[in-house]
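Worksheet: the structure to be examined is printed underneath.
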Amino acid sequence: MRRIPIMAGNWKMYKTLAETCDFFRKFNPLVAGSTHCEIVICPPFVNLQAAVGATRGTHIETGGQNMFWEKEGAFTGEISGAMLRAVGSKWVLIAHSERRQYFGETNEKARKKILAALDAGLTPVYCVGENLDERQAGATHEVLGTQLSGGVTGLTADQFLKIAIAYEPCWAIGTGKVATPEIAAGAHRFIRDQVRKQFGADAASSCRILYGGSVKPDNIRGLMAQPDIDGALVGGASLDPGSFASIVNF
Ligand code: PEP
């Protein structure tokens, strides 16, 4: 099965409104012909509406970096899936490692958010990945298996078909230490095998698994040459229009 790659930019807590508009002024023409993949930019919430406006009429889509699982209510500081949809976004990152590390995200919270995102008509990108100690202790597969099953347990195969997975080894995020294509490919193969066991062969062959962690224009080709890598989740290098366009147009 041919899987259309996803190239997603996670802007984290970077860019003002003016910087957001400036980015798209430069980025849009650079990817106008890049129909080989889906392009997603996840800016801070306050700039989502501007990003949606700036990408109207292009094939660039936008997403949230997080959401809450309740539909509405007294949850100060949170936003819902319906709010993301209403602003025109179609994607949402769930359980990014920085959310796990700094904001108490757990597999169980991620599971509720994935279900709520699907309910709102969003495509969740569920992030999993081991930290350096876990890799050095030989526990990578155990960690990935636990995160994966914890986040998607209870989903039907049909629901699972609507989500994407991002494998992001924490030791490679924002560190400049990209996983070698072979290391990344090994983890992706393991994740796809787990998907096969949990949801069956069709889900495994159609599930898109992105790699994230210090992706740059000069390492994207080696990563994308791996058969189980279906795109990239890019932090730092997505902030610059030229560099993210080079990644998209690998
Ligand atoms: C990320 O934010 O998901 C990420 C992978 O960051 P970076 O590309 O900067 O390592």
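The values are calculated or read from the model by the stated rules, or taken from the named source; none is laboratory data. All figures in this text were calculated on a predicted structure; none of them were measured in a lab. All Cβ positions, even for glycine, are placed from backbone atoms using ideal geometry, and neighbour counts span all protein chains on display. Just the protein is used for accessible areas: all its heavy atoms, side chains included, with ligands, DNA and RNA removed. Shrake-Rupley method; radii C 1.70, N 1.55, O 1.52, S 1.80 Å.
Ordered from longest to shortest, the equivalent ellipsoid semi-axes for the range 103-250 are 24, 18, 15 Å, each the square root of 5 times a Cα gyration tensor eigenvalue. Ordered from longest to shortest, the equivalent ellipsoid semi-axes for the range 146-229 are 25, 13, 10 Å, each the square root of 5 times a Cα gyration tensor eigenvalue. Between beta-carbons, use under 15 Å as the cut-off and find the net charge around E61, counting Lys and Arg +1, Asp and Glu -1. Its environment carries a net charge of +4.
Per residue, the chain exposes 45 Å² of accessible surface when a 1.4 Å probe is rolled over the protein heavy atoms with every protein chain present. Sorting the segments 3-16, 35-48, 151-164 by their mean number of nearby beta carbons within 10 angstrom, highest to lowest, gives 35-48, 3-16, 151-164. Sorting the segments 88-97, 220-229 by their residues' average number of neighbouring beta-carbon atoms within 10 angstrom, most packed first, yields 88-97, 220-229. Here the chain has an Rg and Dmax of 16.8, 48 Å, counting Cα atoms alone. With the simple spin-label model, which puts each label point 7 Å out from Cα in the Cβ direction, the T156 to R85 separation comes to 1.7 nm.
Any idea what the alpha-carbon Rg over 2.2 N^0.38 Å comes to for the range 24-146? Before the final figure, lay out each step's value.
Numbers: Rg = 16.3 Å, N = 123, 2.2 N^0.38 = 13.7 Å.
So the range 24-146 has a normalised radius of gyration of 1.19.
Within the set of other residues whose C-beta is less than 12 Å from the C-beta of L48, count the net charge using Lys and Arg as +1 and Asp and Glu as -1. Present the calculation step by step, with values, prior to reporting the outcome.
Working: positive: K15, R85, K90; negative: E61.
Taking every Cβ under 12 Å from that of L48, the sum is +2.
Straight-line cross-link reach from K12 at under 26 Å between alpha-carbon atoms covers these lysines, not counting any fewer than eight positions away in the same chain: K26, K71, K90, K109, K112, K113, K162, K177, K216.
Between D22 and M1, take the C-beta separation as r, use R0 = 51 Å, and let me know the FRET efficiency to the nearest 0.05. Present the calculation step by step, with values, prior to reporting the outcome.
Values: r = 39 Å, r/R0 = 0.76.
With R0 = 51 Å, the Cβ-Cβ based efficiency is 0.85.
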